[in-house]
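Below is one structure, written out as structure tokens, with a few remarks after it.
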Amino acid sequence: MRYTRTQPGDMFIATSAVAVVEVLKLAMCLILLLFEQKGIVGLTKLLHTTIVLGPLDTIKVAVPSFIYTFQNNLLYIAISNLDAATYQVSYQLKILTTALFSVFMLQRSLSKLQWFALLVLFTGVSLVQVQRQGSKPLASGVAQNPFIGLMAVVAACITSGFAGVYFEKILKGSDVSVWMRNVQLCIFSIPISLITMLLNDGATIREHGMFFGYNFYVWLVIVIQALGGLIVAVVVKYTDNILKGFATTIAIIVSCVVSVYFFSFEVTAMFMLGATLVIISVFLYSKPSSAPPVVKDKLTPELEVSSGAVARSV
């Protein structure tokens, strides 16, 4: 993703990439549902039952749809202004925001060790930001601003935390499949992303076209993002949203290695200390608690699934 924003030549339109990802994600989900329902008749019946006969259930995903679209645009701003390693470490703040939203929205309790792990995480990200270098133009000639990149990452982490927990609450409180939920998300995210694209880059698109600057690497990033979004949805459905965020920290090591060899990134002592603290926080948080966990039958009373063909989750 960083390479596509630093490569020389024509810069592709980030808002169009966000829109294409959503369209591709919708196509993938419909194909999966087609096989799941064993034919077009079953798929049509499922779509009619879930979406047409259950409009309120579909409207509930409008909130995360808007937030996810906004977040994806923020990430392009962030990666355009931060090197890959700093971006990857800084984006782990979403673990902290997810934990906080989980406590308030899902009434989930964290142990003292987990709270300490989150403090270590915040400290590590802060140290990484201390070593930021000044603004430098990208290979494409576009200037980058580390402060704007940081603000974009922080905003993306906040939106990621809220949307992730909200979506987790919907998924785990409903009988609607992960693929169907993603179709519902795309119903809102596609028009939202298209409107955003036209408002921000309408003049450029009218002059050069929607796919201006696209090449093999841009398409590769788009496909990976579409697949990644579906994989994350499955993880959220069957595991814990916070643990999902912690699992992604392994990408820090990969990002550092790639940044050093391909982007001439200079690994300073401050960056190493901060990245190490972030990785340590993973093991601290994942350490099993000595006290037996409290198991609840339901997340909250309003998550009960009502009888009938259409699931109601909130």
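Of the residues screened, ILE59 is one that is at negative phi and modelled with pLDDT under 90. Do we have any residue at all in the stretch 93-100 that's open to solvent by 30 Å² or more (accessible area, probe 1.4 Å), touching a residue at least 40 places away in the same chain (Cβ under 8 Å) and polar (S, T, N, Q)? No, that holds for no residue.
In the stretch 173-199, the residue that is least open to solvent (accessible area, probe 1.4 Å) out of those that are over 16 Å from CYS29 (Cβ atoms) and among the hydrophobic types (A, V, I, L, M, F, W, C) is MET197.
For GLY9, the criteria (1) within 30 Å of THR204 (Cβ to Cβ); (2) part of a helix (DSSP H, G or I); (3) open to solvent by 10 Å² or more (accessible area, probe 1.4 Å) hold in every case but one, which is (2).
Taking the criterion of being part of a helix (DSSP H, G or I) and farther than 18 Å from ALA155 by Cα, the residues of the stretch 88-117 that qualify are VAL103, PHE104, MET105, LYS112, LEU113, GLN114, TRP115, PHE116, ALA117.
With respect to the conditions (1) in contact (Cβ under 8 Å) with a residue 60 or more places away in the chain; (2) open to solvent by 10 Å² or more (accessible area, probe 1.4 Å), ALA203 falls short on a single one, namely (1).
For the stretch 153-172, a tally of residues being closer than 26 Å to ALA78 by Cβ, charged (D, E, K, R) and either open to solvent by 10 Å² or more (accessible area, probe 1.4 Å) or assigned to a loop (DSSP other than H, G, I, E, B) (or both) returns 0.
If the condition is being farther than 15 Å from VAL176 by Cα, touching a residue at least 12 places away in the same chain (Cβ under 8 Å) and either open to solvent by 60 Å² or more (accessible area, probe 1.4 Å) or out of contact with any Ser or Thr (no Cβ under 9 Å at 6 or more places or on another chain) (or both), then the stretch 21-36 contributes VAL23, LEU24, MET28.
Could you list, in sequence order, all residues of the stretch 52-87 that are open to solvent by 30 Å² or more (accessible area, probe 1.4 Å), within 19 Å of VAL218 (Cα to Cα) and in a helix (DSSP H, G or I)? Passing the criteria: ASN72, ILE77.
The values are calculated or read from the model by the stated rules, or taken from the named source; none is laboratory data. If you're wondering where the values come from, they're calculated on a predicted model, not measured in any experiment. Neighbour counts are summed over all protein chains in view; Cβ atoms, including those assigned to glycine, are modelled from backbone coordinates with ideal geometry. Just so you know, the surface numbers come from the protein's heavy atoms only, side chains and all, with ligands and any DNA or RNA stripped out. Shrake-Rupley method; radii C 1.70, N 1.55, O 1.52, S 1.80 Å.
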